[in-house]
Ligand code: SF4
């Protein structure tokens, strides 16, 4: 659903000194009147955001009908991720969690034609699997929304170095994209989780900095880049799955 906002209004939001912290941005979202979905992979960033969303809804209960959490049930998620989802469901009553599954016929055709691990064979095959299991369901999830909320941070990768808190997302029809944690460092995320008793995906304790599909995500060694565990067989510049492409300002 296209947003009734232009580039200048988005730029003004990024300059607003009252919107320079994550809770303030989430509170703004709850008052905005917009239908917004928080895209969650149940990483530390995302469970922190769910905590912030829950606080915003507690302050402004009428926002509960417009704000929700959604996740992409790719069929290849870790057990630990699904357990974190259930933990969040219990910890944050009043927050709705919506799962989006891939199109059954597309998954069946992909597996029939290329097998279960085609993504290791080429970048094109990997992007095809990400399209079927993530991008198409994401497009469906966003179709009904005025915007989405993500846990992206500038320090996560070279491709995110200039990420603002508010963006107009032209890749998804000109909707709003909110990145409340953009200026947080990894240490800020873990301090927040500790201070607020936020559910933490057990994979993080096993050395996974990034949460994704089980066959495509691994733990990293000390000193490795935090995105090194994602699609580790590819070069860094290819390491986006199409969920966060470049068409946003
Ligand atoms: S991350 Fe891997 S398993 Fe998941 S959708 Fe992409 S290629 Fe497929």
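The values are calculated or read from the model by the stated rules, or taken from the named source; none is laboratory data. As the structure is a prediction and not an experimental result, all values here were calculated from the model. When we count neighbours, we look across all protein chains shown, and the Cβ atoms used for this are built from the backbone with ideal geometry, even at glycine.
Here residue 179 meets the list (1) touching a residue at least 60 places away in the same chain (Cβ under 8 Å); (2) crowded, with 20+ Cβ neighbours inside 10 Å almost entirely, failing just condition (1). Of all the numbered requirements in (1) within 28 Å of residue 35 (Cα to Cα); (2) surrounded by 22 or more Cβ atoms within 10 Å (Cβ to Cβ), residue 161 misses one, and that requirement is (2).
Checking the structure you have, find out if any residue of region 225-239 is within 15 Å of the ligand (Cβ to nearest atom) and either modelled with pLDDT of 95 or more or within 27 Å of residue 56 (Cα to Cα) (or both). No, that holds for no residue. Residue-level analysis places residue 163 outside the set of residues that are more than 16 Å from the ligand (Cβ to nearest atom), in a loop (DSSP other than H, G, I, E, B) and within 22 Å of residue 88 (Cβ to Cβ).
Condition (residue is touching a helix residue (DSSP H, G or I) at 6+ places or on another chain (Cβ under 7 Å) and either assigned to a loop (DSSP other than H, G, I, E, B) or within 16 Å of the ligand (Cβ to nearest atom) (or both)) applied to region 26-40: is it met by at least one residue? Explain how you work it out, then say what you get.
Of the residues in region 26-40, the ones touching a helix residue (DSSP H, G or I) at 6+ places or on another chain (Cβ under 7 Å) are 26-30, 36-38, 40.
Narrowing the set further to residues that are either assigned to a loop (DSSP other than H, G, I, E, B) or within 16 Å of the ligand (Cβ to nearest atom) (or both) leaves 40.
Within region 26-40, one or more residues are touching a helix residue (DSSP H, G or I) at 6+ places or on another chain (Cβ under 7 Å) and either assigned to a loop (DSSP other than H, G, I, E, B) or within 16 Å of the ligand (Cβ to nearest atom) (or both).
For region 112-124, the criterion of being more than 15 Å from the ligand (Cβ to nearest atom), touching a strand residue (DSSP E or B) at 6+ places or on another chain (Cβ under 8 Å) and not in a loop (DSSP other than H, G, I, E, B) is met by no residue. Among the residues that make up region 71-88, is at least one of them surrounded by 18 or more Cβ atoms within 10 Å (Cβ to Cβ), part of a strand (DSSP E or B), in contact with a strand residue (DSSP E or B) (Cβ under 9 Å, 6 or more places away or on another chain) and free of Cβ contacts under 8 Å to residues at least 60 places away in the same chain? Checking region 71-88: at least one residue is surrounded by 18 or more Cβ atoms within 10 Å (Cβ to Cβ), part of a strand (DSSP E or B), in contact with a strand residue (DSSP E or B) (Cβ under 9 Å, 6 or more places away or on another chain) and free of Cβ contacts under 8 Å to residues at least 60 places away in the same chain.
Before we move on, is residue 143 at pLDDT 90 or above, over 19 Å from residue 43 (Cα atoms) and more than 16 Å from the ligand (Cβ to nearest atom)?
Against the criterion (at pLDDT 90 or above, over 19 Å from residue 43 (Cα atoms) and more than 16 Å from the ligand (Cβ to nearest atom)), residue 143 qualifies.
Filtered by the rule that a residue be modelled with pLDDT of 95 or more and either in contact with a helix residue (DSSP H, G or I) (Cβ under 8 Å, 6 or more places away or on another chain) or buried (at least 21 other Cβ atoms within 10 Å of the Cβ) (or both), region 186-198 gives 189, 190, 192, 193, 196, 198.
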